[in-house]
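Structure, as structure tokens:
The values are calculated or read from the model by the stated rules, or taken from the named source; none is laboratory data. All values reported here derive from a predicted model rather than from experimental measurement. As a convention, Cβ positions derive from the backbone with ideal geometry for all residues, glycine included, and neighbour counts pool all protein chains shown.
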């Protein structure tokens, strides 16, 4: 086994603060990523670094977060930039920083802050450059597979969303038939379910497919709220066994499915929530701070007061409900109110009008098409979570030399 030596972080890394950039220089498709404490926040055509750097959150809630900024980049003054010193391997340094818990060097409680000198004195171990590369290669291969799964799920969700948008938002099959054409890429038995003309809807002030109906959401969906049992009562929380979701659980979710939550409730805690334990397949929509996180729960779940929870039913599948919410976020927000922050109440949500097909076969055909897609998404999430757990368990042992490579 190669020799691992003791170092201070400053022996292995060049540390310097990022540089402020006025948001007037932000663009949608710039040649550089703009990186802050919470990762990439924008793009710009300005370049601060032409080579990769490691971004360390310097201040605030994301103090101590670690990100890799590839290619051209601009790191803001909310972060510290780290680059390898001497023959330190860049990827090894990245994983070393992730294992060091640099946030422990923060000062201040209301607004945590870490400094170059504060983290530069953190003690660590490192082997020869050859071993560094081997350690980083093992961890990078796991991260690459995790990222591949994420991108695959992103593509799969886009495929399913495109079908929903075509059928139920843009009404492409109806437009095609109105032009005397066959709907593109659609079997005859499905195409026959769509009308061939539009009628004007007084309620929506828009044309809608003939034979479809405008209904309030309260007439088609069951929308429920949630609550928070007293956090001062340990009997509601300690050794909890029921998933309890807050919008925070959805804030970092990259997929349309939630399988677990940060906090769990006991039976006594669950009994304090009027909506109780919601069934698997319930769609969660964050109703405030902010409005618009959406996910399908594939586990029985309770929710706090920051959600509207929508149960699937015999007509409207969880997939239909999920994409309806995703496609109508602007409409939902338009029906919100509040002075401190916007909130969509259950009453206002139920009163929103939308157009729905009368023939339930259209929705069932949509469900039969997208269900295998979501099953694959869930399979990928489970695999990704397994890989993440493996990487996280290997990281401290590889980066300390406990496991020989």
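Can you go through 268, 215 and tell me which one is assigned to a strand (DSSP E or B) and more than 25 Å from residue 157 (Cα to Cα)? First the steps, then the outcome.
On the way: 268 fails: assigned to a strand (DSSP E or B).
Going through 268, 215 in turn, the sole match is 215.
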For residue 88, all conditions in the list (1) surrounded by fewer than 17 Cβ atoms within 10 Å (Cβ to Cβ); (2) not in a helix (DSSP H, G or I) hold save one; what is the number of the exception?
(1)
Among the residues listed as 364, 368, the single one being farther than 17 Å from residue 296 by Cβ and at pLDDT 95 or above
364
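Mind checking which residues of the range 30-43 are farther than 15 Å from residue 70 by Cβ and not in a loop (DSSP other than H, G, I, E, B)?
Just the residues of the range 30-43 that are farther than 15 Å from residue 70 by Cβ, to begin with: 36-38, 41-42.
Listed by number, the residues that qualify are 36, 41, 42.
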Which is out of contact with any strand residue (DSSP E or B) (no Cβ under 7 Å at 6 or more places or on another chain) and surrounded by fewer than 19 Cβ atoms within 10 Å (Cβ to Cβ), of 169, 121?
169
Do we have residue 76 as free of Cβ contacts under 8 Å to residues at least 60 places away in the same chain, over 29 Å from the mean Cα position of the chain (by Cα), in the same structural domain as residue 19 (by TED's automatic domain parsing) and under 14 Å from residue 16 (Cβ atoms) here?
no
Here is a check on your reading of the model: is residue 99 in contact with a strand residue (DSSP E or B) (Cβ under 9 Å, 6 or more places away or on another chain), assigned to a helix (DSSP H, G or I), in the same structural domain as residue 38 (by TED's automatic domain parsing) and over 21 Å from residue 392 (Cα atoms)?
no
Verdict on residue 321 being in contact with a helix residue (DSSP H, G or I) (Cβ under 6 Å, 6 or more places away or on another chain), within 30 Å of residue 210 (Cβ to Cβ) and not in a loop (DSSP other than H, G, I, E, B)
no
Residue tally, condition in contact with a helix residue (DSSP H, G or I) (Cβ under 8 Å, 6 or more places away or on another chain) and surrounded by 20 or more Cβ atoms within 10 Å (Cβ to Cβ), over the range 16-35
0
All but one of (1) at pLDDT 95 or above; (2) touching a helix residue (DSSP H, G or I) at 6+ places or on another chain (Cβ under 8 Å) hold for residue 48; state the number of the condition that does not hold.
(2)
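Taking the criterion of being free of Cβ contacts under 8 Å to residues at least 24 places away in the same chain, on the phi < 0 side of the Ramachandran plot and part of a loop (DSSP other than H, G, I, E, B), would at least one residue in the range 253-265 satisfy it? Break it down stepwise before answering.
Taking the range 253-265 first, the residues free of Cβ contacts under 8 Å to residues at least 24 places away in the same chain are 262.
Subset that is on the phi < 0 side of the Ramachandran plot: 262.
Filter again for part of a loop (DSSP other than H, G, I, E, B), leaving 262.
The answer is yes; a qualifying residue exists.
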If you check residue 374 against the conditions, is it crowded, with 17+ Cβ neighbours inside 10 Å, in the same structural domain as residue 289 (by TED's automatic domain parsing) and part of a helix (DSSP H, G or I)?
no
Within the range 308-317, is even one residue in a helix (DSSP H, G or I), modelled with pLDDT of 95 or more and in contact with a helix residue (DSSP H, G or I) (Cβ under 9 Å, 6 or more places away or on another chain)?
no
Counting only residues that are assigned to a loop (DSSP other than H, G, I, E, B), within 20 Å of residue 341 (Cα to Cα) and in contact with a helix residue (DSSP H, G or I) (Cβ under 7 Å, 6 or more places away or on another chain), the range 291-307 contains a total of 1
Against the definition (surrounded by 14 or more Cβ atoms within 10 Å (Cβ to Cβ) and either modelled with pLDDT of 95 or more or in contact with a strand residue (DSSP E or B) (Cβ under 6 Å, 6 or more places away or on another chain) (or both)), how does residue 238 come out, yes or no?
no
